[in-house]
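Worksheet: the structure to be examined is printed underneath.
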Amino acid sequence: GAVVSQHPSWVICKSGTSVKIECRSLDFQATTMFWYRQFPKQSLMLMATSNEGSKATYEQGVEKDKFLINHASLTLSTLTVTSAHPEDSSFYICSASVGMISQETQYFGPGTRLLVL
Amino acid sequence: GENVEQHPSTLSVQEGDSAVIKCTYSDSASNYFPWYKQELGKRPQLIIDIRSNVGEKKDQRIAVTLNKTAKHFSLHITETQPEDSAVYFCAATRNQAGTALIFGKGTTLSVSS
């Protein structure tokens, strides 16, 4: 159980285009999902907390108009990188919380590697 | 803000030796401390975790200890094997955002045979 998928696994796009990344919980419902970004040889940096049916909570320094998050159902959250630029090239990973309140465990998706040319 | 410090950044051991990675956290409200193993290009995999009401937890060759007073926790791997080579991340919850995790910078563990 507790399988999280992401699509696509990698994407190459031209500067100025928008890219949508999907995160799905396959065998459970996730009220809360998280989006992280990881640059090469660095740690995971929390970008935003995605709550089903409400607006996402963004971390300081993360532009909400550039990184659009939608959590329309209990099994799907999407991250759209709008007007992508080369500096947005990174490994984007989502995670989902499983379990009862105060006993949650976080499981990660396989990640999406974005390269902006 | 919340911060998780992790040491060392790199660790090289001989097969069969033990490896210890240490983390400290700043948010006294943190109550969940997972450890993840990440192989190159892959997702972080949860290997062990501990909650604030427990001081130690063990799973075969892996153990985690927690000292809430000192706000530090450690990962212990015994009888290391080459397949243990990876990057290990500690993390701590940030209660203001539910189970949002703040990660340490990671430790690159190399086990040579």
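Arrange the peptides A:3-10, B:75-82 so that the one whose residues have, on average, the most other Cβ atoms within 10 Å appears first. Spell out each step's value before the answer.
Details: A:3-10: 14.9, B:75-82: 17.1.
Order by mean packing, descending: B:75-82, A:3-10.
Quick one: how many lysine pairs does the stretch A:7-103 have with C-alpha atoms less than 18 Å apart and a gap of 8 or more or different chains? Give me the count, please. Each step should come with its number before you reach the end.
Values: A:Lys14/A:Lys66; A:Lys20/A:Lys55; A:Lys20/A:Lys64; A:Lys20/A:Lys66; A:Lys55/A:Lys64; A:Lys55/A:Lys66.
So the count works out to 6.
Tell me the Rg and the Dmax, in Å, that the Cα atoms of the stretch A:1-114 produce.
13.4, 43
Take the protein assembly as shown, compute every pairwise Cα distance, and split them into 10 Å bins from 0; I just need the percent in each bin.
Calculated over all Cα pairs of the protein assembly as shown, the distribution is 8, 32, 35, 20, 5, 0 percent.
Stretched out fully, how many nm does the piece from A:Phe28 to A:His7 gain, at 0.36 nm a residue minus the Cα gap? Display every interim value, and only then the final one.
Values: separation 21, 0.36 × 21 = 7.56 nm, distance 1.75 nm.
Using 0.36 nm per residue and subtracting the Cα-Cα distance, I get 5.8 nm.
Let me check the size of chain B from its C-alpha atoms; what are the radius of gyration and Dmax in Å?
13.5, 44
What number of lysine-lysine pairs in chain B show an alpha-carbon separation below 22 angstrom, given a sequence spacing of 8 or more or placement on distinct chains?
17
Looking at the stretch B:26-113, which chymotrypsin sites (Phe, Trp or Tyr not before Pro) are in a loop (DSSP not H, G, I, E or B) and have at most 11 other Cβ atoms within 10 Å?
Passing sites in the stretch B:26-113 do not exist.
Compute the distribution of all C-alpha to C-alpha distances in the stretch A:57-117, in bins of 10 Å from 0, and list the percent of pairs in each, rounded to whole numbers.
In order of increasing distance, the bins hold 18, 46, 29, 7, 0 percent.
Give me the 1.4 Å probe accessible area per residue for the protein assembly as shown, excluding ligands and nucleic acids, in Å². Working shown, then result.
Details: 11490 Å² over 230 residues.
On a per-residue basis, the protein assembly as shown sits at 50 Å².
With an 8 Å cut-off on Cα pairs and a minimum separation of 6 or more residues, tell me the relative contact order of chain B in percent. All intermediate terms of the calculation are to be shown ahead of the outcome.
On the way: 286 pairs, mean separation 41.5, N = 113.
The normalised contact order for chain B reaches 37 percent.
The values are calculated or read from the model by the stated rules, or taken from the named source; none is laboratory data. Everything numeric here is computed off the predicted structure, so don't read it as measured data. Virtual Cβ from ideal backbone geometry, glycine too; neighbours counted across all protein chains shown. These accessible areas exclude ligands, DNA and RNA; they are computed on the full protein's heavy atoms, side chains included. Shrake-Rupley method; radii C 1.70, N 1.55, O 1.52, S 1.80 Å.
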